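The values are calculated or read from the model by the stated rules, or taken from the named source; none is laboratory data. Values in this document were obtained by computation on a predicted structure and should not be read as measured data. Cβ atoms come from the backbone with ideal geometry, glycine included; neighbour counts cover every protein chain shown. In case anyone asks, the SASA skips ligands and DNA or RNA and just uses the protein heavy atoms, side chains included. Shrake-Rupley method; radii C 1.70, N 1.55, O 1.52, S 1.80 Å.
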Amino acid sequence: MRIIIVGARKAAEILIEHLEKSNHDVIVIDKSKSTVEAITNRYSVNGICGSGASREVLISAGADTADVLLSLTPVDEINLLACSMAKSFGTRYTVAEVEREELISDKAYLRDKFGIDYILTRKDIVASAIADQVYFNSANRVEPFFDSNVLLAEIIVEKDSALSEARLQDVKPMLNSDFLVFGVLRGDKLMVPKGEFVLKPGDVIGIIADKAEMTKLFSRVDLVRKPVRSVMLVGGGEMGAALAEQLIRHRISVKLVERSRDRCEELLEELPKAKIIYGSGTDVELLEREGIGKCDACVCVTNSDETNLLTSLIAWTNGVNNIITTIRGASYDRVLRKVTINITVSPDRIVAEKLLDYLLSLETGGGKHSRYYSLGADMLKISAFDIPAGFSKTEMPLMNDEMRLKKGVLIVAITRGGDTIIPKGSDIIQCGDRIFVLSEGQIDIHSPLDIFS
């Protein structure tokens, strides 16, 4: 696809990194010459210095023949105008990032008036992702696998964990739980492992299992936490307010710490059921006086990585087990993991993941269902394929030599009727099944036969 990206912020760069692996034709527009040069020097994409709301700039970027335009600048009006102009020139699909409440209150009007196909609101997307972690209530990141009772989880192997120094083929019988390890991030290297792979302390592993088996697994590796009834939320910006509203709707008690007095006054009106605390998230005495050690969870969503880092450490030293922290810099993410604060959330990565999922839906046209899953700082693609009648690879155990998969490819689930199967070597594929295939970003898969070597 020919894709124009207006606004080369961090989410756009993450998106470009993964689009490049799939050989899309990408053009970046940004007002900063140095930003455009940095992006085009780092990735195989073209760049134009200028405004996405400029007719000349959009025409020179090829808006008349583009498949998609994504406008991701921090200015809502620029995003709306860029989408409207691109659509009038001939761009097939447009996406706008819109944040202001008075604009997003009537998305149907915006879609109709400006010709926007997808309106992305960062604060709501990130707030929902964080709220899901609170509801799942584990020591590690968990999210649903498509629309099923199956879960994807990210676990960090601790030095004293039962997983440490264990071979993958020995882990399931040792823990007596049915799950599949689909990816391992060791340092900066992402791997799709085989059975003889040995887990090491510090590895970030991706796991898939149904809800009951995931609960059993978490219990056996000491990752279960008590139910969350109270949260200390640090950061009262738009994202913090959106998150507080979601938590309160789920009957979770919220104490919200905000350092701006004016913003506190606004929050008192917006969130009458929350306790609003004026002060800094790095004020140890304030947090302890307000009972941070008695809260079931602490969530840090300020715009400062340094503040989020320090607040997380304060919560950790006060015995809070469930700590969720938004982090924009990869170096801080690694620091938090070293002190076992395991759930870190990158707002930019969440936005990029949503955009990748949307682009996949356009690319596939509904023929298959695909999505991206973040594992540490990298992403893996999961695609669903329906097995047609007469498919040549049916009724053979997956361990059979004729079923050998390409390197970097893994069948992570099979649905048959109303059941979901986490596959073992003895399982088979049948006509009418839907298989879910995980692949590294650079591997191009268009049909189920493409997964076999």
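Here the condition is being open to solvent by less than 60 Å² (accessible area, probe 1.4 Å), closer than 24 Å to Leu362 by Cβ and either at pLDDT below 85 or not in a strand (DSSP E or B) (or both); of Asp450, Asp444, it holds for Asp450 alone.
Take Gly187 and tell me if it is farther than 30 Å from Ile248 by Cβ and either over 25 Å from the mean Cα position of the chain (by Cα) or open to solvent by 30 Å² or more (accessible area, probe 1.4 Å) (or both). When the stated conditions are applied, Gly187 passes them. Residues that are out of contact with any Lys or Arg (no Cβ under 8 Å at 6 or more places or on another chain) and of a type in the set (Ser, Thr, Tyr) within segment 27-74 comprise Ser32, Ser34, Thr35, Thr40, Tyr43, Ser44, Ser54, Ser60, Ser71, listed in sequence order.
For segment 370-389, the set of residues classified as over 28 Å from Gly202 (Cα atoms), open to solvent by less than 70 Å² (accessible area, probe 1.4 Å) and assigned to a loop (DSSP other than H, G, I, E, B) consists of Ile387, Pro388, listed by residue number.
Enumerate the strands (runs of 3 or more DSSP E) found wholly within segment 227-324, keeping only those where 1 or more residues are touching a residue at least 60 places away in the same chain (Cβ under 8 Å), surrounded by fewer than 21 Cβ atoms within 10 Å (Cβ to Cβ) and among the hydroxyl-bearing types (Ser, Thr, Tyr). Hits in segment 227-324: 230-234. Only a single item in (1) within 25 Å of the chain's Cα centre (by Cα); (2) open to solvent by 40 Å² or more (accessible area, probe 1.4 Å); (3) at pLDDT 95 or above is not met by Ile3, and it is number (2).
For segment 407-436, which positions are within 29 Å of the chain's Cα centre (by Cα), in a loop (DSSP other than H, G, I, E, B) and of a type in the set (A, V, I, L, M, F, W, C)? Result: Ile422, single match. Across segment 398-415, the qualifying residues are those that are of a type outside the set (Val, Ile, Thr) and crowded, with 18+ Cβ neighbours inside 10 Å, and the one among them that is nearest to Val150 (Cα to Cα) is Ala413. So, Leu15, is that one modelled with pLDDT of 95 or more and within 20 Å of the chain's Cα centre (by Cα) or not? Against the criterion (modelled with pLDDT of 95 or more and within 20 Å of the chain's Cα centre (by Cα)), Leu15 does not qualify. Is there a residue in segment 219-229 that is under 24 Å from Ile125 (Cβ atoms) and modelled with pLDDT of 85 or more? Within segment 219-229, one or more residues are under 24 Å from Ile125 (Cβ atoms) and modelled with pLDDT of 85 or more.
Taking segment 206-226 as the range and being open to solvent by less than 10 Å² (accessible area, probe 1.4 Å) and either within 20 Å of the chain's Cα centre (by Cα) or acidic (Asp, Glu) (or both) as the test, the residues that pass are Gly206, Ile207, Ile208, Ala209, Met214. Here Asp203 does not fit the description of being charged (D, E, K, R) and open to solvent by 60 Å² or more (accessible area, probe 1.4 Å).
Out of Arg55, Arg100, Arg92, Arg9, I need the residue that is under 29 Å from Met379 (Cα atoms) and out of contact with any Pro (no Cβ under 9 Å at 6 or more places or on another chain). Which one? Answer to the check: Arg92.
Looking at the structure I just gave you, is Arg42 in contact with a Leu (Cβ under 7 Å, 6 or more places away or on another chain) and of a type outside the set (A, V, I, L, M)?
Values: in contact with a Leu (Cβ under 7 Å, 6 or more places away or on another chain): no; of a type outside the set (A, V, I, L, M): yes.
For Arg42, the condition - in contact with a Leu (Cβ under 7 Å, 6 or more places away or on another chain) and of a type outside the set (A, V, I, L, M) - is not met.
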